[in-house]
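Everything on this sheet refers to the single structure shown next.
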Amino acid sequence: MATYLVTGATGLIGRHFTRLLLGNADTDRVILLVRQRSQERLAGLVRQWPHPEKVSLVVADLAADELGIHAGTREELSGHVDHIVHLAALYDLTADDETSIKANVGGTQHVIDLARDLRAGCLHHVSSVAVAGDHAGVFAEEMFDVGQRLVTPYHRTKFEAERLVREQTDVPWRVYRPAIVVGHSETGKMDKIDGPYYLFSAISRLTSLPNLPMAGPNIGDTNIVPVDYVAKALLELVTRDGLDGRAFHLVNPQPQPVAAVYNAFAKAAGAPTINLQLGDRVSSGIVNLAKLSEHVPGVTLVRDAVLARLGIPPVLLETLTFPAVFASSATRRVLAGSGVDVPPLERYAPALWRYWREHLDPLRARRHGPRGELDGRHVVITGASSGIGRATALRVAAEGGIPLLVARRRHELEEVRDEIVAAGGHASVYPADLTDEESVRKTVDAMLADHGHVDMLVNNAGRSIRRSVRLSYDRFHDYERAMAINYFGAVRLILALLPDMTERKFGHIVNVSSIGVQGIAPRFSAYVASKAALDYFSKIAATETHGDGITFTTIHMPLVRTPMIRPTKIYDAFPTKSPEQAADMVVRALKNRPTHMGSPEGYLIQAAYAVAPQLVNTIAYEGYRVFPDSTAAGGTGRLNLGKGERNLSRAAARLVKLTRGFHW
């Protein structure tokens, strides 16, 4: 019966190894070092493992002197630990030198000191095949320092950590060097994106072209093993007697060509496979050309931008292949008869792919239900109690989406929700004042608590003020009121939802703007300015969140017959869109996610202003002259139009026809 002290029991290998260790008949006690912040998580894991009564948790910190372990605890353990298994390390190819040294080198030295102080029977150090660096040819288990170049901080610190273990003479040691460790060969379970998983997003994008013929160069070999093999092999090697002073390669016995690895995962994903292998001469030329192109100005920048879109760190290009071939005959002789062997990648690649797609795919939030783009989407719609917002909510629900209805008056939102539910859909009601920061925060918190996430936002709520500057000299509050809801209210809601969208790598925001922004709309200086502010906020936010999967659509909406335009009686004589027609534009924006939508007239006005601004100014002034301020705005209402009447002047009628849908 033996006592084991284990570091890194919450890590990928550590979880599997510790579970097996507790099930081992010769295990008497297992002491797990754990950071304070991980204590509760590890305790939860232990409760799921066999014989949790054998486990003791000791709070420690690998970066602290004496691991931060209380002197009394060290004294109690002294002379009573048979094996220390050091699994804790920073497995991150993208980490910098300082971070890697602190975790891998400093942490290992502290564990060595602990092993010496406790008079442990053996120190088992889990290293990595990374210690081989760029060594070309066979790298045997007894080899270590053969003048190899170590290409990343991870490679360098794993090498230095193993050197510390080998050079100390106070405690017997064993070293274990796993290859690239992937998920469980049966369940596919994995805890993070690493190694070949960085390629999965690119493979996923190819699934829409399953029959595409592909040719690939021979760029070299890699070596991949599943975590359950590593854990089982470790258990056998740690618990055997007579193996001190040796290193063991936990690797695939045969090097795996990168093209074969790609094909295994592509087949599992339903993506096109490489069916034509280019010759060595052509392959070598491609590799050399790629290396030379890095010295051409701009090439590296473009390459890294493309890799970033695919979620691939550039350092992976240097570490994707191993120039070394890792001999493992001695390890396999020890394991012979134990039943522990490496399964072929082709057998377990489907399990790895399924688990990644369901749990690790950073873009999995972008997948929609079977009914279409809006199926299952949680869509926040402001101003949902009437007009465009209400019509949009009904359409979204009819397409399988779940509208989250926002407006000031609860009873009106409940009427919309009840209509959706009666038609067989789902909706939720969130009364809110978008001009109040606390109200928005509580509303977003409630949405996330109720639904877990938000996929899309339609900023539709707004205030329209039609009043000339001449009548606004003493009405600065008009501008403040327009900005409060049209700009600040929308931005407040966007900022509140962006963290959740960014974390899930998906979100789409539709801003219902105005055709007036595309031209010059007299009497709408407050309204159009507030909409233009939101337009430009969204343009800038879209660039900053592009890599996070967040997209924006601005709709320059033409005139729509809603309650908002009711006070302006001359609009009774204008051709307008219905709320349902406007909602159709919003739904298309949600489904297709274009950057911009508008009407032909709006685009024409925008182009005309870009080419001939003075001419457009002249036409806009004519509109200002023939469409005076309404009585509601404090004007004379000289046109004296009754509801539904169409006795516009001839000039006004021509202008309405020329600029159909424009706000005059």
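The values are calculated or read from the model by the stated rules, or taken from the named source; none is laboratory data. All figures in this text were calculated on a predicted structure; none of them were measured in a lab. Heads up, the Cβs are rebuilt from the backbone with ideal geometry, glycines too, and the neighbour counts pull from every protein chain shown.
Answer yes if at least one residue in the range 126-134 is assigned to a loop (DSSP other than H, G, I, E, B) and of a type in the set (D, E, K, R), and no otherwise.
Checking the range 126-134: at least one residue is assigned to a loop (DSSP other than H, G, I, E, B) and of a type in the set (D, E, K, R).
Do any strands (runs of 3 or more DSSP E) lying entirely in the range 185-260 carry at least 2 residues that are touching a helix residue (DSSP H, G or I) at 6+ places or on another chain (Cβ under 6 Å) and not hydrophobic (A, V, I, L, M, F, W, C), and which ones are they?
Result: empty, no element qualifies.
Could you go through the range 527-544 and let me know if any residue there is in contact (Cβ under 8 Å) with a residue 24 or more places away in the chain, more than 22 Å from residue 599 (Cα to Cα), assigned by TED's automatic domain parsing to the domain that holds residue 579 and crowded, with 19+ Cβ neighbours inside 10 Å.
Looking through the range 527-544, none of the residues is in contact (Cβ under 8 Å) with a residue 24 or more places away in the chain, more than 22 Å from residue 599 (Cα to Cα), assigned by TED's automatic domain parsing to the domain that holds residue 579 and crowded, with 19+ Cβ neighbours inside 10 Å.
From the list 379, 440, which one is hydrophobic (A, V, I, L, M, F, W, C) and assigned to a strand (DSSP E or B)?
The match here is 379.
Please go through the range 518-550 and give me each residue that is β-branched (Val, Ile, Thr) and assigned to a helix (DSSP H, G or I), ordered by number.
Hits for the range 518-550 are 528, 540, 543.
Name the pairs: first residue in the range 470-487 and in the same structural domain as residue 435 (by TED's automatic domain parsing), second residue at pLDDT below 90 and surrounded by fewer than 16 Cβ atoms within 10 Å (Cβ to Cβ), Cβ to Cβ under 7 Å, at least 6 apart or on different chains?
471/634
Just checking, does the range 176-195 include any residue being surrounded by 22 or more Cβ atoms within 10 Å (Cβ to Cβ), touching a residue at least 24 places away in the same chain (Cβ under 8 Å) and among the basic types (Lys, Arg)?
Checked against the condition, which is being surrounded by 22 or more Cβ atoms within 10 Å (Cβ to Cβ), touching a residue at least 24 places away in the same chain (Cβ under 8 Å) and among the basic types (Lys, Arg), the range 176-195 yields at least one hit.
Restricting to the range 36-58, name every residue that is in contact with a helix residue (DSSP H, G or I) (Cβ under 9 Å, 6 or more places away or on another chain) and basic (Lys, Arg).
Passing the criteria: only 54.
So is residue 495 modelled with pLDDT under 95 and farther than 30 Å from residue 370 by Cβ or not? First the steps, then the outcome.
Values: modelled with pLDDT under 95: no; farther than 30 Å from residue 370 by Cβ: yes.
So residue 495 does not fit the description; no.
Let's see how each residue does on (1) at pLDDT 95 or above; (2) of a type outside the set (S, T, N, Q); (3) in the same structural domain as residue 242 (by TED's automatic domain parsing):
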| residue | (1), (2), (3) |
| --- | --- |
| 112 | yes, yes, yes |
| 115 | yes, yes, yes |
| 124 | yes, yes, yes |
| 127 | yes, no, yes |
| 134 | no, yes, yes |
| 139 | yes, yes, yes |
| 142 | yes, yes, yes |
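I want to confirm something. Restricting to the range 233-248 and keeping residues that are under 37 Å from the mean Cα position of the chain (by Cα) and under 21 Å from residue 1 (Cβ atoms), which single residue is surrounded by the most Cβ atoms within 10 Å (Cβ to Cβ)?
234
Examine the range 26-40 for a residue that is part of a helix (DSSP H, G or I) and at pLDDT 95 or above, and state whether such a residue exists.
no
Picking from 436, 445, 474, 450, which residue would you name as being out of contact with any helix residue (DSSP H, G or I) (no Cβ under 8 Å at 6 or more places or on another chain) and surrounded by 14 or more Cβ atoms within 10 Å (Cβ to Cβ)?
The conditions single out 436.
Restricting to the range 3-25, what's the tally of residues that are in a helix (DSSP H, G or I) and aromatic (Phe, Trp, Tyr)?
Count: 1.
Return yes when residue 537 is within 28 Å of residue 305 (Cα to Cα) and of a type in the set (Phe, Trp, Tyr) and no when it is not.
Yes.
Taking the range 57-80 on its own, how many of its residues are in contact (Cβ under 8 Å) with a residue 40 or more places away in the chain and either assigned to a helix (DSSP H, G or I) or outside the structural domain of residue 32 (by TED's automatic domain parsing) (or both)?
Result for the range 57-80: 5.
Go through the range 346-376 and give me each residue that's among the aliphatic types (A, V, I, L, M), surrounded by fewer than 23 Cβ atoms within 10 Å (Cβ to Cβ) and part of a helix (DSSP H, G or I).
If the condition is that a residue be among the aliphatic types (A, V, I, L, M), surrounded by fewer than 23 Cβ atoms within 10 Å (Cβ to Cβ) and part of a helix (DSSP H, G or I), then 351, 360, 365 are the ones that fit.
Can you confirm whether residue 339 is exposed (fewer than 14 other Cβ atoms within 10 Å of the Cβ) and not in a helix (DSSP H, G or I)?
When the stated conditions are applied, residue 339 passes them.
Residues 191, 244, 170: which one is acidic (Asp, Glu) and touching a strand residue (DSSP E or B) at 6+ places or on another chain (Cβ under 7 Å)? Walk me through it before giving the result.
On the way: 191 fails: touching a strand residue (DSSP E or B) at 6+ places or on another chain (Cβ under 7 Å); 170 fails: touching a strand residue (DSSP E or B) at 6+ places or on another chain (Cβ under 7 Å).
Result of the check over 191, 244, 170: 244.
Here is a list: 274, 312, 286. Which entry is modelled with pLDDT under 90 and either buried (at least 16 other Cβ atoms within 10 Å of the Cβ) or closer than 26 Å to residue 348 by Cβ (or both)?
Only one candidate passes the filter, namely 312.
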